[in-house]
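Let me begin by presenting the structure, written as structure tokens, before commenting on it.
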Amino acid sequence: MNLVLLCGFARGLACFQRLLRMKVHISQVFAYPEDPHEIVYSTSIAELAMQKGIECRITRNVAAPEHQATWDRAKPSLGVVIGWRSMIPSAIHRMPSLGSVAIHDSLLPRYRGFAPTNWAIINGETETGATLFHLDNEMDGGDIIDQRSVSIRLDDNAHTLAERMIPHYEDLVEQNVPLLLEGKASRRPQNQSDATYCIWRTPEDGLIDWNMPASRIHNLVRALAIPYPGAFTIWEGKKLLVWKAQLL
């Protein structure tokens, strides 16, 4: 039994390291490349794979024709997706004999879609989490395997919250990947009536509306702090980035 790992960012690297410590056989790694303003983890993922004799490709499109031979060689039993920002085509996530699973940065079925951690902070949520689920043809809509909840503190920003979630990612992997490979993992459908969705954010969405309540401005600033593009305002005709705020 072997798996193909599609991973990116700090959480992807941490889970890759955890899987190696678990002695899980990984036949192939795909690493997701970061945007220019972000901390680079993809090269660390690729270097670790090379040290362990595992082929690794850095790409945003695992279905590109140049990767077909890689998938043919891998012959995966299970696909595991962690820290991946683009949709996985059904032809790819169905390729492993046991299917594919992913970890999403929310307590599904809430906050399906893009940038769920950022949106949870923007919306003033006090709790979020991580969900391990089966991939299907609906965005983040597959059956749930396991979940972990994380409180959102008033002084959290998107980076500190993401860092605190990493041990929960590792725990989800350690507790469930062996069961998935044995066909013994739990599985329950999502309640579709409870589903909510969040959309892709662009840097322009960080413009501060000073007519908003102070709490909403505070939430926007901390949701877009480094490594994200930052909340901003226009002052004397120039763009002014606001990286930190405090409620009085």
Report the residues of region 174-211 in range of a label on H25: point 7 Å along Cα→C-beta, backbone N strictly under 19 Å from it. 177-184
In whole Å, how far is the Cα centre of region 172-193 from that of region 46-75? 25
Quick query: amide H of K244 versus all other amide H atoms, modeled in the peptide plane; which residues come in under 5 Å with a sequence gap of 5 or more or a different chain? none
Using amide H atoms built in the peptide plane, which far-off residues or other-chain residues are under 5 Å from S100 H to H? G79, L135
Run down the lysines and flag those whose C-alpha is under 27 Å from the C-alpha of K23, throwing out any fewer than 8 positions away in its chain. K52, K75, K184
Just one of (i) 162; (ii) 128; (iii) 117 is volume of the Cα convex hull per residue in Å³ as worked out from the coordinates here. Which one is it? (ii)
Tell me, what is the 1.4 Å probe accessible area of I39, in Å² to the nearest 10? 80
Net charge dipole size for the chain [Lys, Arg +1 and Asp, Glu -1 on Cβ; Debye, nearest 20]: 360
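Tell me, what is the FRET efficiency for E182 and F114 to the nearest 0.05, using R0 = 30 angstrom and their Cβ-Cβ distance as r? Show your work: numbers first, answer last.
Numbers: r = 33 Å, r/R0 = 1.10.
Result of the calculation: an efficiency of 0.35.
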Extended-chain gain in nm, criterion 0.36 nm per residue less alpha-carbon gap, E204 and L241: 12.2 nm
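Return one whole number: the accessible area per residue of the chain in Å², for a 1.4 Å probe. Let's see the in-between values first.
Numbers: 12360 Å² over 248 residues.
Per-residue value: 50 Å².
What is the projected area of the convex hull of the Cα atoms of region 10-131, averaged over all directions, in nm²?
8.4
The values are calculated or read from the model by the stated rules, or taken from the named source; none is laboratory data. This structure is a prediction, so every number in the text was calculated from the model and none was measured. We place every Cβ from the backbone using ideal geometry, glycine too, and count neighbours over all the protein chains shown. With ligands, DNA and RNA removed, areas are computed over all heavy atoms of the protein, side chains included. Shrake-Rupley method; radii C 1.70, N 1.55, O 1.52, S 1.80 Å.
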